[in-house]
Amino acid sequence: MIEKKENAYHLRTARCSYFVSISPIGKPICSHFGGPLSGDLSSLVFSPRLVPGRTVVYDQEHPEIALPCLPLEVSTRGKGDFSTPSVILEGEGLLPLDFVFKDSRIQTPEAIPGYPNPRNAEQELVLFLEDNANHLELELHYLTYRNENVIGRYSRIISHRAGKTYLRRLSSCCLSLLKQNLALHAYRGGWIDEFHEEICPVTSSTLLSSSATGSSGDLRNPFFYLSSSSGECFGFNLVYSGNHEEILEKNPMGFTRILNGIDSSSFAYPLTKDQPFDSPLAVLGYGKDETEMTASFHSFVRRCVLPASHENAERPIVFNNWEGTYFDFNEAKLHALVKKAAKLGIELFVLDDGWFGKRDNDHCSLGDYEICKKKLPHLIKGLSDYVHRHGMKFGLWFEPEAISPDSDLYRAHPDWAIQIDGLKPSLGRNQLILDLTKPEVSDYVYRSLSSILSKDGVDFIKWDYNRNFSDVLPSEGRFAHDYILSLYALLKKLREQFPDLWMENCASGGSRNDLGMFSFFDTGWVSDNTDSLSRAFIQKGMIKGYPPCLMSNHVSAKTSHQTLRKTSFGTKFDVACFGVLGYEMDLNALSPLEEKEIAGEIAYYKKGRKTFQFGTYRLLEDFSCDGVLFQEMEGKDEIYVSFVRLLQQPNAGYRKFPAVHADENAEYAFSVRPETIDFHRFGGLVNQVSPIHLKEEGALVNLLSQYKGLDSEKFSGTVSGLALSSGALPFPQEWNGTGLHEALAVILDFGGRVYRFQKNVDTEEKKA
Ligand code: DGJ
């Protein structure tokens, strides 16, 4: 809902308010972004009475007003504001800008041309500003969304100047928060190490987080949030997949300026006279605490961003052959995997890289989507039919934006690759990127995909993207942006043709997981790192801004290919189940016991899938407290708690479950998910229980452990919701080096568990 009273505008959702007004000097200011407001808001309008000494006064008619004393919604250099500007334009040099309010309109929302637009926009406020001296118009757009607790913001600029005008920065959002002791939570990392939370205080030093890799990238995700000392959280994201920047700084008056938008270091967009240029959409979410802020983003992304065709659909359980075979597969090997996957309860079989051209390694063939008959004599259709006959959906990997120098496509069209004429281009993973801004290139990619998708029985595609930009002329300050808009146009066309296709976003793992891509994709491959401990860190970062129903998590071989750390399948499941579950390993190398374990995990997941994918997420206790992580996913009548530990402590003490968000009037039946502990983990201690002497790592132990392991602790009972919410439930006693007991939890280094708390329907009924 958007209300206008005189020159003030109140954007109101159920749990937050955004209150913007026009100051006496014609500058839009935001006096409140935070908890909901109602009634007479006039006394909230921020109005300075005096300017501090040595301050530049904006104009002589208003001697009490200086720009640094206002919570500005747009800021420029030249009239006394010295914080980072939100708009920068270059003509024959940088232009001194001064936008003032002209008019406003509350309207039915209009789509931003060229970008993906979130659904369910309810109302739109437009503030029209002008800079007469420079012949410029600026529009600030604000959007509300039906039943969502977020605000959308973007900016539009129109130049009527004669001569060359370059846009160097147009922030999507410029906001000045007046909150003390803000801390920035940013999500940073690299390949196999995405989404690490970095927390740092916001100070007067400028904090800049950006990506100039050509995509949103894994170095810094565009999602971040600010927490205040009272616990309130202010989250920000962009519906954009290209270069981006986020800038924070506190000025001497106490305002923290927050800017986000396209990265300005790599941007110089030539404006065409009288033609509008739009920034991408920024999304602002508020919560009185972290859980509420996260819930606001989860709900918005699920209902407004992710493709409508699968909005409420439970995501299938995947098998992907990548870590199981890499490039080394043939039809017989795949058939064996298909049979095993079906037997275990898998629902979607995905064939990864290596099925086309001469692609036996990553040095060639990208761009040549000619099926490799040596590996697949019955082609893709033969395999998809086989998968379908085994009751599963069939998925296929593509890297549509890439081209190998060693490919027929490159030999025919070297100019289709992004490179500078006359210079040897830099390769990334031995490949180049196709220039999608050329219509003939986009068209080729579209036709290549569309012909396979129309006839080969493909239900799912994994869209990969494995390198960053290079060899773009510095003079082409618009290229990276144009590339992303061309990518969106291609994705839109494919989506329109194949609305029911499941699509997974991937960029060497999580290198392009952003709201622009998730406007077209149902899920995203979170990271190429499938080690469960690394994943626990990565996933707990990503889930702060992205819902679990889009986070694709795979259980892989016990010895991680990325860290060489060894963890059980049980632990890998305990981490992977908070999201979309999948398996990625050589299923034919599983022992009978491991097969049983995995089949059990899959059955367990299917029962709780709705909660695992669509539940309300809470971080209960982070590793930083006690070396353990407790997370909760709350569903309609059940709660799952996942536990992961760093290192097993000697003579471990006792602990309780942290306070779980339970219904205080209900009773809960609780249980731990049964796991199997490999005999090998006990070394020579197995002889304490074995009737015959067993040699540690000996052939007999090896054989035995293929069929049998130690059952995990017995832990079940009932507990009141009030006790759960009060953190009163004791955690099972843990292994402490002396003896075994059926109730003793042997969780090991980097180990985990999942607990289920089911609301006791009988008790509820009795009460009623
Ligand atoms: C990178 C992806 O992230 C992997 O999962 C896999 O698909 C490889 N590319 C294939 O080349």
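The values are calculated or read from the model by the stated rules, or taken from the named source; none is laboratory data. Computed from a predicted structure; not experimentally measured. Here the Cβ is made from the backbone with ideal geometry for all residues, glycine too, and neighbour counts use every protein chain on show.
Within the range 508-537, the set of residues being small (Gly, Ala, Ser) and away from the ligand (no atom under 13 Å from the Cβ) comprises 516, 519, 532, 534, 536.
Residues in the range 450-482 that are within 16 Å of the ligand (Cβ to nearest atom) and either modelled with pLDDT under 95 or more than 22 Å from residue 212 (Cβ to Cβ) (or both): 458, 460, 461, 462, 463. Any chance you could count how many residues in the range 604-644 are in a helix (DSSP H, G or I), over 17 Å from residue 540 (Cβ atoms) and touching a residue at least 24 places away in the same chain (Cβ under 8 Å)? Of the residues in that region, 8 qualify. Taking the numbered list (1) among the aromatic types (Phe, Trp, Tyr); (2) touching a His at 6+ places or on another chain (Cβ under 8 Å); (3) surrounded by fewer than 23 Cβ atoms within 10 Å (Cβ to Cβ) in turn, residue 187 passes all entries but (3). Among residues that are crowded, with 23+ Cβ neighbours inside 10 Å and touching a residue at least 12 places away in the same chain (Cβ under 8 Å), residue 366 is included.
All conditions but one from (1) small (Gly, Ala, Ser); (2) modelled with pLDDT under 95; (3) not in a loop (DSSP other than H, G, I, E, B) apply to residue 235; the one that does not is (2).
Being touching a His at 6+ places or on another chain (Cβ under 9 Å) and surrounded by 18 or more Cβ atoms within 10 Å (Cβ to Cβ) is a description that applies to residue 502. Checked against (1) among the hydrophobic types (A, V, I, L, M, F, W, C); (2) surrounded by fewer than 24 Cβ atoms within 10 Å (Cβ to Cβ); (3) modelled with pLDDT of 95 or more, residue 487 passes all but a single condition, namely (2).
Residues of the range 387-414 that are of a type in the set (D, E, K, R) and touching a residue at least 12 places away in the same chain (Cβ under 8 Å): 393, 399, 401, 406, 408. Scanning the range 238-269 for residues that are out of contact with any Lys or Arg (no Cβ under 9 Å at 6 or more places or on another chain) and in a strand (DSSP E or B) returns 238, 239, 258, 260. If I filter the range 348-369 for residues that are within 13 Å of the ligand (Cβ to nearest atom), basic (Lys, Arg) and touching a Phe, Trp or Tyr at 6+ places or on another chain (Cβ under 8 Å), do I get at least one hit? Yes, the range 348-369 contains a residue that is within 13 Å of the ligand (Cβ to nearest atom), basic (Lys, Arg) and touching a Phe, Trp or Tyr at 6+ places or on another chain (Cβ under 8 Å). Condition first: within 16 Å of the ligand (Cβ to nearest atom), within 26 Å of residue 521 (Cα to Cα), modelled with pLDDT of 95 or more and aliphatic (A, V, I, L, M). Can you find one or more residues in the range 406-417 that meet it? No, the conditions are met nowhere in the range 406-417.
Figure legend. Inter-residue proximity from the range 493-509: first residues part of a helix (DSSP H, G or I), second residues more than 16 Å from the ligand (Cβ to nearest atom) and at pLDDT below 95, beta-carbon distance below 6 Å, spacing 6+ or different chains. No pairs are indicated.
Only a single item in (1) at pLDDT 95 or above; (2) more than 30 Å from residue 395 (Cβ to Cβ) is not met by residue 306, and it is number (2). In the range 210-226, of all residues being of a type in the set (Ser, Thr, Tyr) and crowded, with 21+ Cβ neighbours inside 10 Å, the one that is farthest from residue 262 (Cα to Cα) corresponds to 225. Every condition in (1) touching a Ser or Thr at 6+ places or on another chain (Cβ under 6 Å); (2) within 16 Å of the ligand (Cβ to nearest atom) holds for residue 426 except the one numbered (2).
Scanning the range 79-96 for residues that are farther than 20 Å from residue 204 by Cα and of a type in the set (Gly, Ala, Ser), we see that the one that is surrounded by the most Cβ atoms within 10 Å (Cβ to Cβ) is 91. Give the number of residues within the range 373-402 that are surrounded by fewer than 19 Cβ atoms within 10 Å (Cβ to Cβ) and under 26 Å from residue 429 (Cα atoms). The total comes to 2. Check whether at least one residue in the range 489-504 is farther than 22 Å from residue 407 by Cα, within 16 Å of the ligand (Cβ to nearest atom), out of contact with any Pro (no Cβ under 8 Å at 6 or more places or on another chain) and not basic (Lys, Arg), and report yes or no. Yes; the residues of the range 489-504 include at least one that is farther than 22 Å from residue 407 by Cα, within 16 Å of the ligand (Cβ to nearest atom), out of contact with any Pro (no Cβ under 8 Å at 6 or more places or on another chain) and not basic (Lys, Arg). Taking the range 654-768 as the region of interest, the strands (runs of 3 or more DSSP E) fully inside it that hold 3 or more residues being crowded, with 16+ Cβ neighbours inside 10 Å are 667-672, 752-759.
Anything in the range 1-34 that is among the acidic types (Asp, Glu) and modelled with pLDDT of 95 or more? List them, or say none.
Selection gives 3 alone.
Only one entry of 313, 332, 336, 308 meets the criterion of being in contact with a helix residue (DSSP H, G or I) (Cβ under 8 Å, 6 or more places away or on another chain) and either under 17 Å from residue 555 (Cα atoms) or away from the ligand (no atom under 16 Å from the Cβ) (or both), and that entry is 336. Here residue 554 meets the list (1) within 17 Å of residue 307 (Cβ to Cβ); (2) outside any helix (DSSP H, G or I) almost entirely, failing just condition (1).
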